Structure formats: structure tokens, C-alpha cells
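> Have a look at this one.
The values are calculated or read from the model by the stated rules, or taken from the named source; none is laboratory data. Predicted model, so just to flag it, every value in this text is computed and none were measured. Cβ sites come from the backbone with ideal geometry, for glycine too, and all protein chains shown count toward neighbours.
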Amino acid sequence: MSKKILVVDYEKCSGCRMCELVCSWRHKKEFNPAKAAIQIVTMREKSIDIPIICQQCDKAMCQEVCQPKAISYNIEYHAYVVDEKKCIGCKMCISACPVGAMNFDSDKGVSIKCDLCQGYPQCVQYCPMGALLYIEPEKANLKKKYIVAEKFFSEFLSGRRST
Amino acid sequence: MKNKNSYAGKFIRVNLTSGKIIIETTPEKLLRQYLGGVGVGARIMWEETDEKTEPLSPQNKLIFLTGPLQGTLFPQSARYEVVSRSPLTGWWAHASAGGFFGPELKFAGYDFVIIEGKSPKPVYLYIDNDIIQLRSAEHLWGKTVPETNLIIEKEVGDKQVKIACIGPAGENLVRYACIMSDYYRAVGRCGLGCVMGYKRLKAVAVRGTKGLSIADKDAFDKLFNDWIKRYTPEGRYWEHVSAMRTYGTFALTDWENAIGRLPTRNHWTGYFENAENTIGMQPLRKKHYKRHKSCFCCGIQCKYVSEIREGKYKGTESEGPEYETVEAFTSNFMSTDTNALIRANYLCNIYGLDTITTGHVISFAVECFENGILTKKDTNGRELRFVDKPENSTKVMETVLQLVEDIVYGKDEFSRLLQLGTKKAAELIGRGAEKYAIHVNGLEASGQDPRPHKSLGLTYAVNVRGADHLTSLSSLDELGYKEELVRRYDKKLVDILADRWDERYKGYLVSEMEEFYALVDSLLLCKYGTMWPPLYYFDDLLKIIPIFTGFEEYSDPQELEKLASRIVDLRRAFNIRLGWTKKNDDLHPRFKEEPIPTGPAKGQVCDLEPMLKEYYEIRKFDWETGLPSEDELNRIGLQDVAKELKKKNKVVKNPKIPKTGRKWTHWSQRIK
């Protein structure tokens, strides 16, 4: 499987939290946003919703600080995964994660981390707004590039303004 | 997460007088008999209050309820219900809101919260999983809804806390104040915010991190994709789902105007000329849409944020407006000023007012003024007018916007009069003002008109909370869902049922909707998806209820019918106990006698009686008195209710049930 990453289209997210519930249901067989690996941060006064997701960092701090070596990189679907049998619940990974994407399952005493659903991320499949994308990193910003290109075209190339 | 079904399993009882908080296990029998939401609410209100319980008294209860679907992945289950006795109408009150509050209450571990008593000082209830506290709200008293939210978020140090609160309108006992949750979602009708204000409960703030289970996990997994599909281009009503997703509920403005059903000029007519180009979905989307929003885990996604980009109120921003608000603050005054609409919506949101009643209470006053019943002397110098020419919209709406704020704070005698709602204000004004007080049983008519949509007349007349559009409205005839009518009913009846102007069989149709929505409001599904578009019906509920609750008996239509009737009749019994009679099952004369003067439905009036007869026939009510049948109450498992009503002489052993001679197969016989 070629490497793909999770990307958020922040313009599209409506903050419905379907992703959180789908995640907790698929992984934990319960409905609990607190046990989801993806979580939406809401600033309701500004009506802003931002999904916070594991970025599968190339230098993964969660893995580096993990003493029992419970976090390993799966080369098949390019995700760092938590081995629940090895995880001792020390929560070092939670402190280490630079984007705050690590969560904790208090019932089981293990860390929760996005494993990209073995290459078929359910949050992407069920997002009603299409705000989550699962694509090759090389193509990740193609949409933004097109937006910039169109703007560039309308500003300069269409003749309204000369360079 | 040890539950074997999707209920949270516990409930909270808070006595504000003593400050005592009790956590109890939710009795399984109560859930089995009433499911949740309005059903459970009706049972508790029946048992714990009586006809002597005044709406604004410590004895009245205010109950926040969820149902078995809240907090689960079911694609439109964000709502929570609040029930009480209404200070606006004096009758039964239920109202619900979407957003995130309801699911969060379940994640905290509670199915419902019963509020009783009256606090000596302003307080707010804070629930964080197992921690439940009554905290001082003296510093919050007088604050608007957004201010209250921000202060509480900061105080508890958690921006993910979900808050249901009142604004100054509730504190000042405006009879149609609402409860606002998640900043912009309103528990709108019947004045439940006023009850909260009377009890000096400023807010309920909830944070929960517990999980929910489900009775049948495998069956859920099998059906989940089928439910989700209904919100995609593969779904039967994708066109409507997608219109709601693109425009929100104000897509209705255009559709209602096209059938002459858009209330205009205080329900004088149902047609607002050129609405499509001024207040319709396209101009609103173009001029005011800012970004998309949604309720918890919703498949439809009809919410959005609107902003004002020009003029005096530039920068005003709020979620909404919904269709009902659009109608109440534009065509209702003949105004085309959408900036004033967004502003009015914003004001109602931050002060905590029901937009429907607020708009209509003011338009009532305007019509009184235009007809000389009110003069400048009565209105403290206010010149109350409908818009005569579109270009005068802004000027007229300026007076309306000012009046909204004056009502909130009771600035003068006139605004204090309007704080009481249309019915009471008309009584106090006298001089024939009731002619323009367009309410049914004390609740102002919403953005619908029974003349171009006959079945709605019955809906308004028999609804337990008055003229509202959410307790039994049929959208099948309204919006012409012929395909759905064919799917559901006898083919011979389809043309009659689809005809908005034909009263025949509509009594049965409305009664069926009432039973359906009783279940919908108890499971707590959204009306979008059950009413408009009709994505779900009884056949779905027969599967959904057992999957989530494990109550297998409800996979049998006969048992489901008893459950639905139990909820419908118990709510009615609550009103019967308060003195509701056949006289209450009636409409405002405007809908029955004044033919609609303009638009596609010109000349139409609503003939209530034939529909009422059908309705009484199916509900087995006594035609003379409107009282329920003792045998029927016993049949559906309300023996104790029948017994209590019998003591009060409010139940009939051998009711005179109208015989219409029409053939109708009840849904419980049709659906397998």
C-alpha cells in the first residue's frame, strides 16, 4: 500500500463529531467521543470546529518516549500503532505528542492512538461533509494549489491587472 | 459502560429549594413503558404534579430528558427534550433542541434531570460525570446567553462543557423565554426558559466522558449503512436532504410561498409577493451564509452561521435563522430587510426568546395598531406598522427590533404587556383585540397556515401544546410526497391524501402523525428526517427501538401502537386534568372564516369539523365533551390514569364516538 495521510479540509468541517463516534464504535465497540482517536475542538462562541488528528509524524515523539516499546510503525499502512498488551498506561505519549492527538482509555488503562483503521479510515468514510481526506502526501495540498492558481489567474493573468 | 442497552441508566433529581441532589437508577419499567423523552416526561409530570400545580410555582417541575438514541451513532439523534407546565399557555409543555447538550448528558451518565423547587438565589447546575454541584450564578444573572456560556466555560476550565441556559428574557419572566443550549440552539416554544428563570436556575452545564452501549451490536452494524445511505445521493429523498444541507431550513420559504402557505402580515394571508427574490433561500444564502454547522452526529447537516455584511448592524453573527424565524421577522411584517431578520434572530438568541412567539406577539400588536385598537397612547408613542412599500422595510423593522429589546427588559407598560404573550395581552387590551390574536390554546401560530394546508388546521386544534407544527403536522400532503403516500397507504386514497385542500381522511393522517411523533419525541429523533423529508417511518422504528433498547416487544406493531397511544393519551390526560374540553379542540376564527385573500390558495378556509370527527373516531374521544374513553385508557396500559380521571369525573365509560363511515386501516394493521 502506498503511503497515504489524513488531511483535514477545515473549511468543510461542521463539527458534527460523527468521526469521533465512528472511531470509538469501530475500535472500542462503544459510543464515546472521549475514546476516539480523532477529536474535534470547538470554539462555540466563534462557531469554529477543528478536528485534531494524529499526524503520524516522521519523528514520532509518542514512540520515542514509550519505555515499554508499545508503539510501533506499521509499514503496511504507514501508521504508528499502540500495542495494548505492551502499553502500561504511563501516559508519557500523551505529554509528548506535539499536537495533543493522543488520548487515554481509562477503563482499559491504555493509550488511544489513530491507527488509520488498517488503511481504511472510518472517519473519512463517514464524514457527511467530506471534510476528511485520506490521500498521498504528495497530492495533499493539490486543492489549495488550485485555489491559489485560480486566484492568481483572476488577479493577474485575466488581464484585470498587469504584472 | 456496563449497560446492556443505550440508556445511561441513572437520573438526577435536584431540589432547588433545599439544594438537595439525588442520583437514582432509572427504573426499567418506566423506560419500557414510555421509552424516554416526552414519554417519560409525561409520566413524571403526571405523577409528580396535579391540576393545582401552577406553572410559575416551586411545585412545578422542569425536566430535561434524553432518549435511547442520544449519544449513539444513529444519524440524527442530537436532541433533548424539556417538559413542564407552560407559563405561556397554562397547558402541557414540551420543547426540544438539537446541538450537543443532550448527548453530553448521556455521556455524563444520566438519562434525565428533574428540577424541582425554587432556589433562594440564582444558581447553575454543574454536572461533570459523577460530580454534581449547584453553584452560585449571582455573577451570571443579567448576562446574555453567549456571555453566560463564556463565563461558565472559563469557570469550569473546560471549553468542551455543554451549556443550556437562559438569557435576560427568562430571568425577567417573559412568558415565551426559551432555554438556549450550545449558544444558539433553542428549546423554543411554551416558555420553558421562563420556568427556569422563575426557579432562579441560570444554567445547566454538563460534561461527560463515559460511553454508551447498545442492545444489539450486530444488528446495528448491519443496519447502520442503510441509515447512512439515506443521506447520500443514493437515498430516496436526496434532493431534499441536499437542499437542507445547502440552504438550511429556510429552503422552506420558497416552497411554502409557492403553495400560498407562508404566513404574511400576521397570518392575514399565506403569500408574500416576490419572496423568492427577497427573503428566499437564494438571496439569504448569498447575502448571509458564513459557514456550516451541525448538530451532534447528524446525517442531514442543516445548520449554518449567518452574518450581516453591511449597514448599521454589520458584523452581527449568529447561527440560523431557521425557516420559522425567517417567516416571523420578514413576511410576517411584510418586510424584505434580511439584515433586520438576522439581527432579530441574533437578539432572540442572546436574550433567549422564542423567535416564533416574539415575532407574532409583535405582529399582533401591529395589526391591533393598524386597526385602531391600539393607539400611540397605549404603545408609549410607538408607531407600529406593517411595511407598506418594500423600501420602508428597514425603518419599520427598526421599531420591531427596538421592541424586542424592550420586551426583554420590560422597559415600559406596553412592553410588559407583550411579555405575557398574545392571548393574555389580547385579554388585557380587550376592545376586540382577540380578533388579531392568532393563537390556539395560548400558543402563537407558527410559520404555517391551515387554510392552504387543511390537515394543519386539525394539527393546531388538537395539539397538546397549542398551535405548533411539531406535534402532529403532516408534511406528506403539505409538500406533496406522493411517492411516500403510495408506499404507506391504500392506493385508492393517495390522491385525496395528497390534496392539501381536501379535508377527507386528514383526521386519520394527523392522528397517525401524532402517534409517530410521540415515538420520535420519546426516542428523540429530529423532525428533519421524520417529518421533512420523510426518511423514517414506523417500519424503521420497529427495528430501531429493539436494537437500541433491547425491548423486543416493540418489534410488534400492536405493541408499538399501544406505546405510541400511551404517550399521546397521557399528555392529553395531563391537559384534561387541567380542564381541557372539546371547546379547546378548535381554531382561531381567522383560519375558519376569513378566506385567504391572496396567492395560490386564494379563497380557501379550513373546515375543521370533518377532520375533528375522524380524529375523535380514531382516538376514541367523546364527541360531546372531548374526554377520553375509560376502556381505551385501560387497553393501552393507563389504568391508573383512567382511575384518577374517573375520580375527577373526567373520563367517559361509554363515549359517543363519531362514526364517519370512512374506511381507514390503522398503521399498526398495515405495517409488518
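> Scanning for something outside any helix (DSSP H, G or I) and in contact with a helix residue (DSSP H, G or I) (Cβ under 6 Å, 6 or more places away or on another chain), does segment B:404-411 turn up at least one residue?
Yes, the conditions are met somewhere in segment B:404-411.
Condition check ((1) in contact with a strand residue (DSSP E or B) (Cβ under 9 Å, 6 or more places away or on another chain); (2) within 14 Å of chain A (Cβ to nearest Cβ)) across all residues:
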{"position": "B:ALA42", "(1), (2)": "yes, no"}
{"position": "B:GLU51", "(1), (2)": "no, no"}
{"position": "B:PRO58", "(1), (2)": "yes, no"}
{"position": "B:THR66", "(1), (2)": "yes, yes"}
{"position": "B:LEU69", "(1), (2)": "no, yes"}
{"position": "B:SER86", "(1), (2)": "yes, no"}
{"position": "B:THR89", "(1), (2)": "yes, no"}
{"position": "B:ALA95", "(1), (2)": "yes, no"}
{"position": "B:GLY98", "(1), (2)": "yes, yes"}
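> Another question, if that's okay. Being closer than 14 Å to B:LEU535 by Cβ and surrounded by 15 or more Cβ atoms within 10 Å (Cβ to Cβ) is the filter here, so list the residues in segment B:218-228 that pass it.
B:LEU223, B:TRP227, B:ILE228
Per-residue answers, yes or no, for (1) surrounded by 23 or more Cβ atoms within 10 Å (Cβ to Cβ); (2) assigned by TED's automatic domain parsing to the domain that holds B:ASP468; (3) under 29 Å from B:SER318 (Cβ atoms):
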{"site": "B:ASP337", "(1), (2), (3)": "yes, no, yes"}
{"site": "B:GLU370", "(1), (2), (3)": "no, no, no"}
{"site": "B:LEU374", "(1), (2), (3)": "yes, no, no"}
{"site": "B:GLU405", "(1), (2), (3)": "no, no, yes"}
{"site": "B:LEU418", "(1), (2), (3)": "yes, no, yes"}
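Residue-wise test of (1) within 14 Å of chain A (Cβ to nearest Cβ); (2) free of Cβ contacts under 8 Å to residues at least 24 places away in the same chain; (3) assigned to a helix (DSSP H, G or I).
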| site | (1), (2), (3) |
| --- | --- |
| B:ASN266 | no, no, no |
| B:PHE272 | no, no, no |
| B:GLU276 | no, yes, yes |
| B:ARG285 | no, no, yes |
| B:LYS290 | yes, no, no |
| B:PHE296 | yes, no, no |
| B:GLN301 | yes, no, no |
| B:TYR304 | yes, no, no |
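> Kindly indicate whether A:GLN63 is surrounded by 15 or more Cβ atoms within 10 Å (Cβ to Cβ) and touching a residue at least 60 places away in the same chain (Cβ under 8 Å).
Spelling it out, it is not the case that A:GLN63 is surrounded by 15 or more Cβ atoms within 10 Å (Cβ to Cβ) and touching a residue at least 60 places away in the same chain (Cβ under 8 Å).
> From the list B:ASP468, B:ASP477, which residue is assigned to a helix (DSSP H, G or I), at pLDDT below 95 and surrounded by 24 or more Cβ atoms within 10 Å (Cβ to Cβ)?
Only one candidate qualifies: B:ASP477.
> Further question on the same structure: Which numbered condition trips up B:GLU367, out of (1) assigned to a helix (DSSP H, G or I); (2) under 23 Å from the mean Cα position of the chain (by Cα)?
In the conditions (1) assigned to a helix (DSSP H, G or I); (2) under 23 Å from the mean Cα position of the chain (by Cα), B:GLU367 misses (2) alone.
> Within segment B:141-168, which residues are away from every other protein chain (no Cβ under 12 Å) and over 23 Å from B:ARG79 (Cα atoms)?
B:TRP141, B:GLY142, B:LYS143, B:GLU155, B:VAL156, B:GLY157, B:PRO168
> OK, next. Taking segment B:306-343, which residues are of a type in the set (Lys, Arg) and either within 11 Å of chain A (Cβ to nearest Cβ) or not in a helix (DSSP H, G or I) (or both)?
Listed by number, the residues that qualify are B:ARG309, B:LYS312, B:LYS314.
> Is it the case that segment A:4-14 has a residue that's surrounded by 19 or more Cβ atoms within 10 Å (Cβ to Cβ) and at the interface with chain B (Cβ under 9 Å from one of its Cβ atoms)?
yes
> Within the set of pairs 6 or more residues apart or between chains, which connect a residue that is small (Gly, Ala, Ser) inside segment B:144-167 to a residue that is modelled with pLDDT of 95 or more and in a loop (DSSP other than H, G, I, E, B) with Cβ atoms less than 7 Å apart?
Note: pairs meeting the criteria are B:GLY167/B:THR144; B:GLY167/B:GLY352.
> Looking at A:MET18, is it within 14 Å of chain B (Cβ to nearest Cβ), in contact with a Leu (Cβ under 9 Å, 6 or more places away or on another chain) and either without any contact (Cβ under 8 Å) to a residue 60 or more places away in the chain or crowded, with 23+ Cβ neighbours inside 10 Å (or both)?
Judged against the criteria, A:MET18 is a match.
> Quick check, is A:LYS35 touching a Cys at 6+ places or on another chain (Cβ under 9 Å), within 12 Å of chain B (Cβ to nearest Cβ) and at pLDDT below 95?
Considered against the rule, which asks whether it is touching a Cys at 6+ places or on another chain (Cβ under 9 Å), within 12 Å of chain B (Cβ to nearest Cβ) and at pLDDT below 95, A:LYS35 comes out as no.
> Would you be able to tell me the number of residues in segment B:209-242 that are within 11 Å of chain A (Cβ to nearest Cβ) and in a loop (DSSP other than H, G, I, E, B)?
Adding up the residues that qualify gives 7.
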